[in-house]
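Here's the structure we're looking at; comments come further down.
Nothing in this text is a laboratory measurement; each read-out follows from the coordinates by a stated rule. Everything numeric here is computed off the predicted structure, so don't read it as measured data. Here Cβ is always computed from backbone atoms with ideal geometry, including for glycine, and neighbour counts include all displayed protein chains.
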Amino acid sequence: MSRGHFVSFEGVEGCGKSTQLALLAAHLRSRGAVVLTTREPGGTPLGEALRAVLLDPDYQPTALAELCILEAARTQLVTTVIAPALARGEWVLADRFADSSQAYQGTARGLGHDTVSALNVLACGSTWPERTLVLDLDVDEALQRARERPSTTTFNRRFEDEALPFHRAVAAGFRELARREPGRVRLVDAAGTPEQVFGRVLVALSDILP
Ligand SMILES: Nc1ncnc2c1ncn2[C@@H]1O[C@H](COP(=O)(O)OP(=O)(O)OP(=O)(O)O)[C@@H](O)[C@H]1O
Ligand SMILES: [Mg+2]
């Protein structure tokens with residue numbers, strides 16, 4: 001039985017997920033909460049190895065192969081890290097989670113909602129975010145932020161180098177999720193300063209924050 005709280009941050013490359021997640025983690029810790037942060041893909045030894053596989057230009061996974069690799073990393077993370085933390089009553093803040101597969105593999109790579117949903121359910125079971133914040137930002141502005149940042153990782157680079165229509169499809173995929181599940185998935189306007197955006201994050205979580 002899960003006693004903790006599970007919140008995920010989603011959105012296109014560079015929209016501010018990692019920035020807002022760090023602000024929320026600090027906010028919760030200042031109020032005495034125990035906070036675990038995760039990122040996808042990765043977060044476990046197997047997940048980090050699969051991340052390297054996804055990066056390797058020699059492999060060129062098909063869309064379905066890419067989804068299966070991500071789901072393998074996800075189920076390992078859920079079972080060995082996220083579910084135990086929730087059982088201990090902790091806050092889990094996820095930098096991307098299952099909804100990224102809907103937007104990237106389901107919408108942008110064309111696998112469709114039902115296929116991704118079936119694999120997400122298989123991988124995650126009942127361990128599911130109670131609130132998902134999609135940081136909604138003009139794609140050009142988000143990619144500009146991502147490209148200007150000093151620490152862009154090779155993993156991000158692989159997706160950042162996709163053509164603009166791909167990123168627009170990802171953004172459309174996230175908006176579609178917010179329409180499908182308005183209770184859980186909230187669009188947060190990600191324009192403005194990090195502090196302004198964080199104010200909106202707090203509003204979108206106001207009913208579950210301590
Ligand atoms: N509100 C903001 N205004 C201007 N710059 C921002 C804002 N939020 C974050 N940034 C900067 O934009 C860049 C991207 O932000 P961040 O790394 O948080 O995005 P991300 O969504 O985690 O990206 P990725 O998907 O690539 O991991 C960083 O350099 C960050 O410092
Ligand atoms: Mg990030």
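Structure above, values below:
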{"quantity": "FRET E, pair residue 80, residue 118, Förster distance 30 Å, beta-carbon r, rounded to 0.05", "calculated": "0.85"}
{"quantity": "Under Karplus coefficients 6.51, -1.76 and 1.60, residue-wise ³J(HN,Hα) of the range 182-196 in Hz, glycine/proline x", "calculated": "x, x, 8, 9, 10, 7, 10, 4, 9, 7, x, 6, x, 5, 5"}
{"quantity": "Mean Cβ count within 10 Å, highest first, over the residues of peptides 68-74, 5-11", "calculated": "5-11, 68-74"}
{"quantity": "Relative pair counts by distance (%), Cα atoms of the chain, 5 Å bins", "calculated": "1, 7, 15, 21, 22, 18, 11, 4, 1, 0"}
{"quantity": "Descending Cα extents along the principal axes, the range 92-210, whole Å", "calculated": "38, 37, 24"}
{"quantity": "For residue 136, distant residues with modelled amide H under 5 Å away", "calculated": "188, 189, 190"}
{"quantity": "Residue-count net charge about residue 92 - beta-carbon cut-off 14 Å; Lys, Arg +1, Asp, Glu -1", "calculated": "+3"}
{"quantity": "Cα-centre dipole for the chain with unit charges at Cβ (Lys and Arg positive, Asp and Glu negative), debye to 20", "calculated": "580"}
{"quantity": "Footprinting exposure proxy for 128, 91 (fewest neighbouring C-beta atoms within 10 Å first)", "calculated": "128, 91"}
{"quantity": "In range of the label at residue 141: residues from the range 1-33 whose backbone nitrogen is under 12 Å from the point 7 Å along Cα→Cβ", "calculated": "15-16"}
